[in-house]
Amino acid sequence: IKIYSLHVDCKVTSRFAHTVITSKIINRANESREVTFEVELPKTAFITNFSMSIDGKVYPGIIKEKASAQKEYDTAVSHGQSAGLVRITSRKLEQFHVSVSIAASSKVTFELMYEELLKRQLGKFELLIKVRPKQLVKHFQIDVHIFEPQGIRFLETDSTFMTNELTEALTKVQNETKAHILFKPTVDQQKINPELDETLLNGDFVVRYDVKRGATAGDIQIVNGYFVHYFAPREMPVFPKNVIFVIDRSGSMAGRKIEQTRDALLKILQDLRPEDHFSFITFNSRVVEWKSSLLQATAENVASAAGFVQTLSASGGTDINRALLTAGSVLDKAKGLPERSVSMIILLTDGQPTSGENNVEVIQENIQKAINGKYALFCLGFGFDVSYNFLEKMALSNGGIARRIYENADAALQLQGFYQEVATPILMKIEMQYPENAVEGLTKNNFKLFFEGSEVIVSGKISNELDLLPVEIKAQSHASDLTLKEEANVKEKEQVFQNQSYIFGNFIERLWAYLTIQQLLEKSISAQEEDQKTLEVQALDLSLRYSFVTPLTSMVVTKPAGQQQTELANKPTEAG
């Protein structure tokens with residue numbers, strides 16, 4: 001079984017990435033063989049298309065509502081369930097895997113297409129391409145085209161498998177707004193050494209970049225009546241933060257997890273700013289406050305906290321309810337905190353609640369009442385014994401986010417990385433306002449907090465023949481209340497994309513659909529049951545209309561006669 005061509009073609013237009021992976025395989029045996037197409041793609045992406053063509057006959061994947069696809073599948077395969085075609089494989093990736101049997105000397109072409117909106121984190125966008133052909137490939141090529149009308153501020157490529165030889169196969173061409181990265185190693189360059197037919201190509205190929213930004217109310221781009229508005233202010237004073245770390249030290253945290261937690265906390269302590277206030281609450285079946293109030297992050301207090309962190313050990317049960325209620329009351333009673341500051345609770349746990357209140361619905365209700373919109377709650381779930389649903393719902397209901405920490409060697413770095421993302425709040429209560437009668441289908445347009453290095457994205461449809469789209473941003477910075485105004489000339493903005501050869505025409509409309517689906521699904525996590533249904537119906541309708549494989553849809557993949565006829569590609573979620 002020989003892969004004779006593998007091409008990854010990625011076009012990024014204003015952060016929206018459209019990737020097509022094409023693999024051509026020949027069966028050189030003199031009997032039929034099973035051929036496998038296996039690729040990893042970012043979890044944040046939605047698959048939009050898949051097809052197999054065998055000796056010229058095309059077998060397309062068809063996207064349907066999940067429930068009806070499942071029913072169809074169950075009828076076809078009465079003898080038990082196959083494992084689906086997509087599964088989560090790591091912190092950032094999921095794997096698409098399909099096998100088909102082809103006759104002697106037959107050829108098959110697999111093509112997978114997926115799309116995602118690149119998210120700015122810590123000041124850059126990251127495009128991740130996983131490379132693992134498992135054999136030498138005669139025609140191997142990765143093409144990345146980037147077009148950013150705002151201008152490309154910097155661009156770098158990085159890879160976990162590069163050698164000096166392979167670097168020669170990498171070219172980068174770049175001007176003000178466009179870049180083309182080409183990686184095209186010959187068979188000899190792919191080899192680990194000249195004698196062996198083993199490939200070096202195994203790992204991540206990453207492109208990172210950022211765009212230029214004027215000091216205005218963000219950047220608006222318009223195509224075919226849909227707009228996207230990017231806002232990422234720079235050089236703003238940072239809000240002092242009041243942060244309580246709520247750390248699980250129950251028995252299951254013993255060993256490596258508590259060590260990695262200690263390592264991460266020691267680094268995080270060094271990153272606190274002098275004007276921040278902080279404290280620790282640790283819990284097993286008992287809840288222990290390190291200090292009865294928040295302390296300012298002076299050198300002396302940080303050193304004393306480091307001493308405390310080094311003594312953390314793990315045993316006993318898990319009383320998440322009382323730990324979080326205690327954190328809330330410490331913030332409620334806090335005195336002498338800076339007037340304009342941001343208060344947050346960061347929970348790290350690796351298990352289910354086992355002590356005290358252990359009904360998750362009751363805990364969610366208690367915490368929401370106690371926090372009542374005053375503080376942001378971030379929930380970090382360490383490993384796979386946590387109820388991620390519970391943590392995610394709690395975080396999203398209280399103005400924060402949840403994140404799973406994978407039990408790898410780099411867990412301490414994952415924890416630090418998360419902290420860095422939320423370490424520098426520079427705006428709060430951000431409202432992105434557009435004329436009501438001129439814009440419809442607006443995505444989320446008010447945000448509690450904005451952290452340096454991230455980006456606010458709002459998209460919508462411009463109704464009627466609007467010539468000018470006025471926008472107004474209201475927000476609070478540490479120094480003052482801000483109002484920023486901007487007007488976009490619709491015709492001029494549409495012009496920007498007119499002559500771009502490799503732009504897929506309706507990309508802002510697809511970006512809008514992608515963002516809307518993501519936000520509807522996120523909203524449904526913390527919604528009441530009846531609202532949940534409504535949100536899911538809307539998200540399903542968009543998923544089908546724009547053909548995205550989301551948690552509400554399935555792709556039905558049909559194979560040639562005589563083989564297991566249909567298989568399903570579903571979108572796995574972090575909550576499982």
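The values are calculated or read from the model by the stated rules, or taken from the named source; none is laboratory data. Since this is a predicted model, take the numbers as computed values, not measurements. We place every Cβ from the backbone using ideal geometry, glycine too, and count neighbours over all the protein chains shown. Side chains are part of the model used for accessible areas, which takes the heavy atoms of the whole protein and leaves out ligands, DNA and RNA. Shrake-Rupley method; radii C 1.70, N 1.55, O 1.52, S 1.80 Å.
Maximal additional length on extending the LEU196-THR483 stretch stands at 96.9 nm, based on 0.36 nm per residue less the C-alpha distance. Taking the longest Cα principal axis of the chain as reference, the axis of helix 360-371 is set at about 50 degrees. Each Lys and Arg Cβ is given +1 and each Asp and Glu Cβ -1; about its Cα centre, the stretch 1-116 then shows a dipole of about 220 debye. Paramagnetic label reach from PHE154 (point 7 Å along Cα→Cβ; backbone nitrogen cut-off under 20 Å): within the stretch 214-242, residues 214-215, 232-236.
Can you tell which of VAL288, HIS277, GLY351 lies farthest toward the positive end of the dipole of the stretch 241-423, using +1 and -1 charges on the Cβ of basic and acidic side chains (Lys, Arg; Asp, Glu)? The Cα lying farthest towards the positive end belongs to HIS277.
At a Förster distance of 56 Å, what's the computed FRET efficiency of VAL58 paired with SER293, Cβ-Cβ distance as r, to 0.05? Each step should come with its number before you reach the end.
Working: r = 68 Å, r/R0 = 1.21.
Efficiency, from the Cβ-Cβ distance: 0.25.
With a Förster radius of 56 Å applied to the beta-carbon distance between LEU468 and LYS335, the computed FRET efficiency rounds to 0.70. The string of couplings for the stretch 442-452 from the Karplus curve (6.51, -1.76, 1.60, θ = phi - 60°) is 5, 6, 3, 10, 9, 9, 5, 9, 10, 9, 3 Hz, one whole number per residue in order, with x for Gly and Pro.
For a Förster distance of 22 Å, can you work out the FRET efficiency between the beta-carbons of SER90 and GLN141, rounded to the nearest 0.05? Given R0 = 22 Å and the Cβ-Cβ separation, E is 0.35. Along its principal axes, the stretch 274-371 has C-alpha extents of 39, 31, 18 angstrom, given from the largest down. Whole angstrom only: what separates the Cα centroid of the stretch 152-194 from the Cα centroid of the stretch 332-352? A separation of 45 Å, based on Cα centres. The residues of the chain expose, per residue, 44 Å² of accessible area to a 1.4 Å probe. Summing charges over all other residues whose Cβ lies under 11 Å from the Cβ of TYR73, with Lys and Arg as +1 and Asp and Glu as -1, gives 0. Across the chain, Cα pairs under 8 Å and at least six residues apart give a relative contact order of 17 percent.
Farthest toward the dipole's positive end in the chain, which of GLY441, MET555, VAL187, given Cβ charges of +1 (Lys, Arg) and -1 (Asp, Glu) about the Cα centre? My answer, from the dipole projection, is VAL187. Ignoring lysines fewer than eight residues from LYS138 along the same chain, the ones with Cα atoms less than 20 angstrom from its Cα are LYS2, LYS24, LYS107, LYS130, LYS184, LYS191. Under a crude label model (7 Å from the Cα following the beta-carbon direction), how far is ASN372 from LEU266 in nanometres? Output for this residue pair reads 4.1 nm. Fully extending the segment from LYS172 to GLU38, taken as 0.36 nm per residue of separation minus the present Cα-Cα distance, adds 45.5 nm.
Rg of the Cα atoms in the stretch 241-423, relative to 2.2 N^0.38 Å, amounts to 0.93. When GLU529, GLU431 are compared by accessible area at a 1.4 angstrom probe, the order from most to least is GLU529, GLU431. Under the convention that each Lys and Arg Cβ holds +1 and each Asp and Glu Cβ holds -1, the size of the dipole of the stretch 241-423 around its Cα centre is about 280 debye.
Think of the stretch 241-423 as a dipole: +1 on every Lys or Arg Cβ, -1 on every Asp or Glu Cβ, centred on the Cα centre; then among ALA402, VAL342, GLN414, VAL342 lies furthest on the positive end. The average projected area of the chain, computed from the convex hull of its Cα atoms over all directions, is 29.2 nm². Within the accessible area of the chain, the carbon and sulfur atoms contribute 47%, probe 1.4 Å, all protein chains present. Straight Cα distances below 18 angstrom link LYS491 to the lysines LYS461, with same-chain residues fewer than 8 positions distant left out.
Within the straight-line cut-off of under 17 Å between alpha carbons, the aspartates and glutamates reachable from LYS485 are ASP219, GLU431, GLU436, ASP467, GLU472, sequence neighbours fewer than 8 places apart in one chain being disregarded. With semi-axes defined as the square roots of five times the eigenvalues of the C-alpha gyration tensor, the equivalent ellipsoid of the stretch 1-148 measures 28, 22, 13 Å, largest first. Distance between the modelled labels on ARG273 and GLU494, one decimal in nanometres: 4.4 nm (7 Å Cα→Cβ projection). Within the stretch 124-230, the GluC sites (Glu not before Pro) that combine a DSSP coil assignment with at most 11 other C-beta atoms in a 10 angstrom radius are GLU168, GLU176, GLU195. The trypsin sites (Lys or Arg not before Pro) of the stretch 156-261 that meet both conditions, a loop assignment by DSSP and at most 12 other Cβ atoms within 10 Å of the site Cβ, are ARG234.
Measure up LYS393/LYS493; LYS241/LYS291; LYS43/LYS66; LYS429/LYS571; LYS66/LYS124 against 29 Å on the Cα-Cα distance and list the ones that go over. The pairs that break the limit, which is 29 Å between Cα atoms, are LYS393/LYS493; LYS429/LYS571; LYS66/LYS124.
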